[in-house]
Amino acid sequence: MGMGGNIRNLIAKRAAQEIENGMVVNLGIGIPSLVPNHLPENTHVFFQAENGVLGMGSTPLTGEEDENLCNAAGFPVSIQPGASYFDSALAFGMIRRGKLDITILGSLQVSEQGDLANWIVPGKRVPGMGGAMELSQKAKKVIVLMSHTDKYGQSKVVKTCSLPVTTPNCVDLIITDLAVFEVKKDGLMLSELMPGVSLEQVKEKTEASFTLSPAIL
């Protein structure tokens, strides 16, 4: 089963806390696209999309969408004053030159070394890798938002990725419906528990090894 809207927004709201004024931020599809809805009003951020937009705003209300404004996944977006449009080549040029402060992505698995696996399930049809490889290599900070387990109840925070790796050792922060993990040089550190979640639940649902931050102890 997929996550309900309240849980998805809880994850997106936590991710929004990582964003600071003036940052250039790229958002993946799914939960990451909800992040702009949770920024404080006085936070001014340049959200970038690979299809050639800089300055996206929050998700438009139903009936207020502009069919000419969309993100890289084709979903409707709003824009902020001063937004700009350009071709995809320039959008990827910004990414490859390391101009993004943060990229916030979804994932199928993340290993305890920070390896990212988010672009394909072997044997399944997928729309393509998109900008995942460039984004995960070149952004200054990589944040992953995802459910803690897959539809079979298996941990997506793993010792070693069993799915094809998009980029090795690139993830800095993992935010799931159960917890927040920081990726350190020596592995994962559990830094936060989501509201109503116990440490025992996280241990039970997490395949990867992890240490505890002082805030958890």
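Quick notes
- Fraction of beta bridges assigned by DSSP in the chain that are antiparallel (%, nearest 5): 55 percent
- Electrostatic bookkeeping for Lys159 treats Lys and Arg as +1 and Asp and Glu as -1; over the other residues with beta carbon under 13 Å from its beta carbon, the sum is -2.
- For the residue pairs Lys124/Lys156; Lys138/Lys203; Lys99/Lys203, the C-alpha atoms sit more than 29 angstrom apart in Lys138/Lys203; Lys99/Lys203.
- Our compactness index for region 1-78, the C-alpha radius of gyration over the empirical 2.2 N^0.38 Å, is 1.07.
- With respect to the chain, whose longest principal axis is taken over its alpha-carbon atoms, helix 5-16 is tilted by about 80°.
- Qualifying chymotrypsin sites (Phe, Trp or Tyr not before Pro) in region 109-204, where qualification requires a DSSP coil assignment and no more than 16 other C-beta atoms within 10 Å, comprise Tyr152.
- Antiparallel DSSP beta bridges within region 104-217, as percent of all bridges there, nearest 5: 55 percent
- Surface share of carbon and sulfur [accessible, 1.4 angstrom probe, percent] for the chain: 52 percent
- Net charge of Cβ neighbours under 10 Å - reference His148; Lys, Arg +1; Asp, Glu -1: 0
- Average accessible area per residue (Å²) across the chain - probe 1.4 Å, nucleic acids and ligands excluded: 53 Å²
- Total formal charge among the other residues, if their Cβ is under 11 angstrom from that of Pro76, Lys/Arg +1 and Asp/Glu -1: -4
- Structure remark: mean-square fluctuation, Gaussian network model of the chain, C-alpha springs under 10 Å; the largest value among Met194, Met129, Met94 belongs to Met129.
- Temperature 37 °C, viscosity 0.692 mPa s: under these conditions the Stokes-Einstein estimate for the chain, based on its Kirkwood radius over C-alpha pairs, is 186 µm² per second.
The values are calculated or read from the model by the stated rules, or taken from the named source; none is laboratory data. The structure presented is a predicted model; accordingly, all values stated were derived computationally and were not measured. Cβ atoms come from the backbone with ideal geometry, glycine included; neighbour counts cover every protein chain shown. For the accessible areas, the whole protein counts, side chains as well, though only heavy atoms, and no ligand, DNA or RNA atoms are used. Shrake-Rupley method; radii C 1.70, N 1.55, O 1.52, S 1.80 Å.
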